[in-house]
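Colleague: Quick one: the structure is below, and I'll ask about it shortly.
The values are calculated or read from the model by the stated rules, or taken from the named source; none is laboratory data. For clarity, every value in this text was computed on a predicted model and none was experimentally measured. Because the Cβ atoms are built from the backbone with ideal geometry, glycine has one as well, and the counts that use them run over all protein chains shown. The accessibility values were calculated without ligands, DNA or RNA, using every heavy atom of the protein model including side chains. Shrake-Rupley method; radii C 1.70, N 1.55, O 1.52, S 1.80 Å.
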Amino acid sequence: MSTFIADPKDPQDILFHAQVVRPWLEEGETIADVEVLSNKPELVVDQVAHVSGVVSYRVSGGVAGQVYLVSCRVLTSTGRRAQRSVRYTVKNL
């Protein structure tokens, strides 16, 4: 599992993010299923989609002073699994 660190986020921000999975996919392999989850309910993740090896999602909310982890779990058409995570620090900006 890889963890990336996002720029600080204000609680009022509504941000769109993407995880590029394409380089990891083999020839002819596609994303069969994806799940994107926050480790705490205050940080809302929605509008999850995937197209051409890129997973996109929207992040909103969060409480200033808190750190959140958003995990993106991918299942491919060949049954391979991968997980990438992003750490979000919420601050009043």
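Colleague: Could you list, in sequence order, all residues of the range 80-91 that are open to solvent by 20 Å² or more (accessible area, probe 1.4 Å) and either under 15 Å from V45 (Cβ atoms) or without any contact (Cβ under 8 Å) to a residue 40 or more places away in the chain (or both)?
Modeller: R81, Q83, R84, R87
Colleague: Here's a check for you: in the range 41-78, which residue that is small (G, A, S) and either open to solvent by less than 50 Å² (accessible area, probe 1.4 Å) or under 15 Å from the mean Cα position of the chain (by Cα) (or both) is nearest to V21 (Cα to Cα)?
Modeller: Here is the first cut: in the range 41-78, the residues small (G, A, S) are 49, 52-53, 56, 60-62, 64-65, 71, 77.
Filter once more, keeping what is either open to solvent by less than 50 Å² (accessible area, probe 1.4 Å) or under 15 Å from the mean Cα position of the chain (by Cα) (or both): 49, 53, 56, 60-62, 64, 71.
Numbers: A49: 13, G53: 5, S56: 11, S60: 23, G61: 26, G62: 26, A64: 30, S71: 13 Å.
The residue in question is G53.
Colleague: Can you name every residue in the range 1-36 that is open to solvent by 50 Å² or more (accessible area, probe 1.4 Å) and β-branched (V, I, T)?
Modeller: Across the range 1-36, the qualifying residues are T3, I5, I14, V20, T30.
Colleague: Just to be sure before I move on: is V34 free of Cβ contacts under 8 Å to residues at least 60 places away in the same chain and under 11 Å from the mean Cα position of the chain (by Cα) in the structure I sent? First the steps, then the outcome.
Modeller: Values: free of Cβ contacts under 8 Å to residues at least 60 places away in the same chain: yes; under 11 Å from the mean Cα position of the chain (by Cα): yes.
So V34 passes the test.
Colleague: Could you figure out which of (1) in contact with a Cys (Cβ under 7 Å, 6 or more places away or on another chain); (2) at positive phi; (3) not aromatic (F, W, Y) isn't true of Q19?
Modeller: Failing condition for Q19: (2).
Colleague: If you scan the range 43-93, which residues turn out to be in contact with a Leu (Cβ under 6 Å, 6 or more places away or on another chain) and at positive phi? Full working, then the answer.
Modeller: Our first condition is that a residue be in contact with a Leu (Cβ under 6 Å, 6 or more places away or on another chain); within the range 43-93, this holds for 53, 59, 61-62, 68, 71, 81, 85, 87.
Answer for the range 43-93, where residues must be in contact with a Leu (Cβ under 6 Å, 6 or more places away or on another chain) and at positive phi: G53, G61, G62.
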